[in-house]
Amino acid sequence: MIQKLLNIDRRWIFLFIFVGVAAAMLSPLPLPIRPSSDVKNVYNTIESIKGKPNATVLLSFDYGPGSEPELQPTAISIIRQCFRNNIKVVGMALWPDAVGLAQAAFDSVSRAEGKEYGKDWTFLGYKTGSVTLILNMGEDFHGAFNVDYRGNKTSEMPVTQHIAKLGSFDYVVTLAAGKTIDGVWVTYAVDRYRIKLGGATTAVTSPDMFPYLQSGQLNGLVSGLAGAAEYETLVRTQGSATRGMQPQSAAHLIIIISIIIGNTMYFVQRRRDRRQSVSGNEETRS
Amino acid sequence: MMHNPGSRTATFVFAGVFLALSIWQLAVENIALTVDGLGILTAAGLTLALFSFLYDDNPLFKIAEHLYVGVAAAYGLALVWFQVILADLVNPIFFSTATIRQLWVLIVPSVLGILLIMRIVPKFSWLSRISFSYVVGFGAGISIPAYIASQLLEQVHPTLAPALGWDGGDKFILIAAMVLIAVAYVVSRRGGGDLGMNGWFGPTLLSVVFLICYFQGVGAASLVLVGVVAVLFYFFFSVEHTGAVGAISRVGIWFLMIAFGASFGFTVMARISLLIGRMQFLLGDWLHLLKS
Amino acid sequence: MIFLKRTLPLVIAFVMGIVAISIYYIPHQAAVDLNELLSKWDRIIAAFAAFLGVYSLLYLHAGRLKRRQVGWGYSVFVYLGFVVMLTAAIYNNGAGPLVALRKGGAYDWLYTNVFVAADASMFAILSFFIASAAYRTFRARTTEATILLVAAVIVMLGRVPIGALLWESMPELQQWLMNVPNMAAKRGILLGVYLGAVATALRIIFGIERSYLGGDE
């Protein structure tokens, strides 16, 4: 029996997870969300630059649809926070896959908050090179992005006119699914061009970010769907991340319980096997 | 592939579920046959086709997968054309009043780029080496000072800097660590055992230290130092991992195991989040079962 | 010919490497200008690499079609997706390929409903496999495996709201675990990795590491 349960067809486990997540989504039971200090640091930095003349935040979209559920809600919340505080936002992408997602995030929030393209925000789109693009932007912003995604000149748009180089931004936040925070932004931009960097990552990459948080090269971190839900709580606008916390909790419980069951059965089985082999030995001896 | 019964079941069940539920949504007028409505149906169909792999490999999955690869390739190519080749090369060279000096600055990388593409012509593929050597050499050059400054020095500094402000817990842990290393050294010189490092004793002791440090709020800086040094010892293969070195690298393994456990936990979290994202689409945008 | 094929690339890599290192340390406007110029060239060359990537993908599937390899029919769908998306991009919602991308249109539609949907689903599938792996293989067989397992469970509980409901201090314990032992281990790995990376970069500049040249000429 135990052996059978240990070797259960994995499709039953798939079904179990699917049903568990779906059930948690369909029966809402709001859970309290407490923002952590790493998330608050990003939020507070943006709050601290409001009122500054020409305050501008650079948002780098370095992810793709494969991590959209984790990073898109954070992108939306940060843009919302900036717009509500009259902070200008410039978007760019180191990953080509992010271009449409970034556009969608800007479109929905700018419509809701009544912000104007070219004056309050712009989206520059994607360029190749990543590291060399950063070096290029560090020295000459308008040279690196001479036009935005829609072909408007960056030296003429009110939102980017005053940006001479990377250091002109009051805060840079990168939303990263891969190695762009540590491999690109921390390595090539933070110390060399004296920028203040905040990060949002998928949960997969966030454990690797802690050394940079402690060294101060990264001043805050919004990690995964849980971080996104915390950010939504801070900007007081619930979205997909907050709604996702309930199925997320349910799935974690299911997985932890299945680990416990799996281990219990494994140890029971192991003990039984040992006993059998001991009695087997005794039989052969007698 | 269709000879496999699992594959056949997956194909028909998932296609059937998709058709039935889509027709239901069209019938109750949650989805209209507009450009947007067809978009939702296409996306839902592809999602189910890919999910059908969970039952068994099957033609629906394969078709969706290959279609995606083709679309993704053209998507990326188009972005490179519009955002780099058109914006940075074609427009400035052909549709602007650039000076000769401004032009050659653009012509050099264009020529190097074309040499790169020569890779696909076997006879001239060696020409691409010139462009590769530019990119690789430049990349290596910019990385050296950046790695030394931003990754090595900036990371070593905060590990050692708390030496100025260590609390009582830190001092105790550092002294205890040194004593333990000395004991391990002496014991190993006399041919003694492993100090319980390979059993349950060591990890239990470490857990107790961790819990005391956590609840008392002390000792974090020294634990970081001990952890970093121990992990570096573990990765240092030039000396044999026995005696004191063995004991230190053992501690390094425990630290690494905590980090791997944390990474595993975070990975589970991330994967579940992605499933939630897709389910929000299926149950919300497609089936309209979720209250927004 | 051997000079052009082997020596010249090695010389270029050496010169570019030394120049790139130097401009980091020279605080002069000329170095800044040179940095800007060389990095711009680099990212433009990188753009051409996209064509290489697409070519090798199409070449691979053309080969499967030509040889009628098992499952060659699926390669037709690669071409179908590619041609439809490329046509949508060239049409550019009526504006043609010589102006910046226009909003709306088939290109955006295909991105949202095919590319995003498929890419997101591919990654979502992994959630099922990790759940099954957790049940079937995650065992406290040894001391090390037990440490790993306990850390994973604390993190999984501490990061979601349910953890705080089960035990008030769970989120803080999780945070401490990430900030102290996890951070120390990650920093140890990181120092090792970047020391290795500096060594590799030096080997490239001095022509010891030359696998990027491809071939054995």
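For this structure, a couple of remarks:
- Highest mean first, the peptides C:36-43, A:7-14 sorted by other C-beta atoms within 10 Å per residue fall in the order C:36-43, A:7-14.
- Packing-based ranking, highest mean first, of C:117-125, C:46-54, B:228-236, A:259-267 given that Cβ atoms within 10 Å are counted: C:117-125, B:228-236, C:46-54, A:259-267
- Grouping the Cα pair distances of the stretch C:70-137 into 10 Å bins from zero gives a pair-distance distribution of 18, 31, 26, 17, 7, 2 percent in increasing distance order.
- Model label zone, A:Asn41; criterion: amide N under 19 Å from point 7 Å along Cα-to-beta-carbon; scope the stretch C:150-173: C:159, C:171-173
- A:Ser48/A:Ser277 FRET efficiency (R0 51 Å; Cβ-Cβ; nearest 0.05): 0.15
- Among beta bridges that DSSP assigns inside the protein assembly as shown, antiparallel share in %, nearest 5: 5 percent
- Solvent-free Debye calculation, one equal scatterer per alpha-carbon of chain C: log10 I(q)/I(0) at 0.10, 0.16, 0.18 Å⁻¹ equals -1.02, -1.13, -1.19.
- In plain terms, the C-alpha convex hull of the protein assembly as shown casts an average shadow of 41.0 nm² when viewed from every direction.
- Angle between chain B longest axis and helix B:168-189 axis [Cα atoms, degrees, rounded to 10]: 70 degrees
- Across q = 0.11 Å⁻¹, the stretch C:19-84 modelled as identical point scatterers on its alpha-carbon atoms has Debye log10 I(q)/I(0) values of -0.50, in the order of the q list.
- Taking all pairs of distinct alpha-carbon atoms in the stretch B:5-96, Kirkwood radius in angstrom: 15.8 Å
- Relative contact order (%) - chain C, alpha-carbon pairs under 8 angstrom, separation at least six: 19 percent
- Ellipticity estimate at 222 nm from DSSP helix runs (n ≥ 4, -39,500 (n - 2.57)) divided over chain C, nearest 500: -24500 deg cm²/dmol
- Taking other residues whose beta carbon is less than 15 angstrom from the beta carbon of C:Ala120, and scoring Lys, Arg as +1 and Asp, Glu as -1, yields -4.
- Cα convex hull of the stretch C:140-205, projected area averaged across orientations, nm²: 6.4 nm²
- Stokes-Einstein D (µm²/s) once Rh is taken as the Kirkwood radius of the stretch A:1-54 over alpha-carbon pairs, at 4 °C in 1.567 mPa s: 81 µm²/s
- Percent of alpha-carbon pairs separated by more than 25 Å within the stretch C:55-177: 59 percent
- When only Cα pairs below 8 angstrom with a gap of at least 6 residues are kept, the stretch B:5-96 shows a relative contact order of 32 percent.
- Using θ = phi - 60° in the Karplus curve 6.51 cos²θ - 1.76 cosθ + 1.60, the 3J(HN,Hα) couplings for the stretch B:101-115 round to 5, 5, 6, 5, 4, 8, 6, 4, x, 5, 5, 4, x, 5, 4 Hz; x is entered for Gly and Pro.
- Legend: mean number of C-beta atoms from other chains within 10 angstrom of residue C-beta atoms, peptide C:50-62, equals 4.
- Each peptide in A:232-243, A:133-144 gets a packing score, the mean of other Cβ atoms within 10 Å over its residues, and the list from highest to lowest is A:133-144, A:232-243.
- Helix B:59-80 and the longest principal axis of the C-alpha atoms of chain B enclose an angle of approximately 90°.
- Under 20 Å from C:Lys5, Cα to Cα: aspartates and glutamates that are on another chain or at least 8 residues apart: C:Glu209, C:Asp216, C:Glu217
- Residue exposure sequence - A:Arg80, C:Arg139, A:Arg192 - by fewest surrounding Cβ within 10 Å: C:Arg139, A:Arg192, A:Arg80
- Taking other residues whose beta carbon is less than 13 angstrom from the beta carbon of B:Val226, and scoring Lys, Arg as +1 and Asp, Glu as -1, yields +2.
- Placing +1 on the Cβ of every Lys and Arg and -1 on the Cβ of every Asp and Glu, with nothing else charged, gives chain B a dipole about its Cα centre of roughly 580 debye.
- Helix-only [θ]222 nm of chain B, DSSP H runs n ≥ 4, -39500 (n - 2.57) each, per residue, nearest 500: -23500 deg cm²/dmol
- When the P(r) of the stretch A:37-238 is calculated, the portion above 22 Å amounts to 40% of the C-alpha pairs.
- Within the straight-line cut-off of under 21 Å between alpha carbons, the lysines reachable from C:Lys186 are A:Lys179, sequence neighbours fewer than 8 places apart in one chain being disregarded.
- Whole-angstrom gap from the stretch A:214-260 to the stretch B:232-292, using each part's C-alpha centre: 15 Å
- Other protein chain C-beta atoms within 10 Å of residue C-beta, averaged over B:98-106: 1.
- Reach of A:Lys40 by Cα under 16 Å, taken over aspartates and glutamates that are not fewer than 8 positions away in the same chain: A:Glu230, A:Glu232, C:Glu172
- For the listed residue pairs A:Lys196/C:Lys103; A:Lys52/B:Lys291; A:Lys52/C:Lys103; A:Lys119/A:Lys165, the alpha carbons are over 28 angstrom apart in A:Lys196/C:Lys103; A:Lys52/B:Lys291; A:Lys52/C:Lys103.
- Binning all Cα-Cα separations of the stretch B:122-181 at 10 Å, short to long from zero, yields these whole-percent fractions: 17, 23, 19, 15, 12, 9, 5, 0.
- With a 10 Å cut-off around each Cβ of B:222-234, the average count of Cβ atoms from other chains is 5.
Since every read-out is calculated from the coordinates, none of them should be taken as a lab result. Owing to the predicted nature of the structure, the values given are computational and were not obtained by experimental measurement. Please note: Cβ atoms are built from the backbone with ideal geometry, for glycine as well, and neighbour counts cover all protein chains shown.
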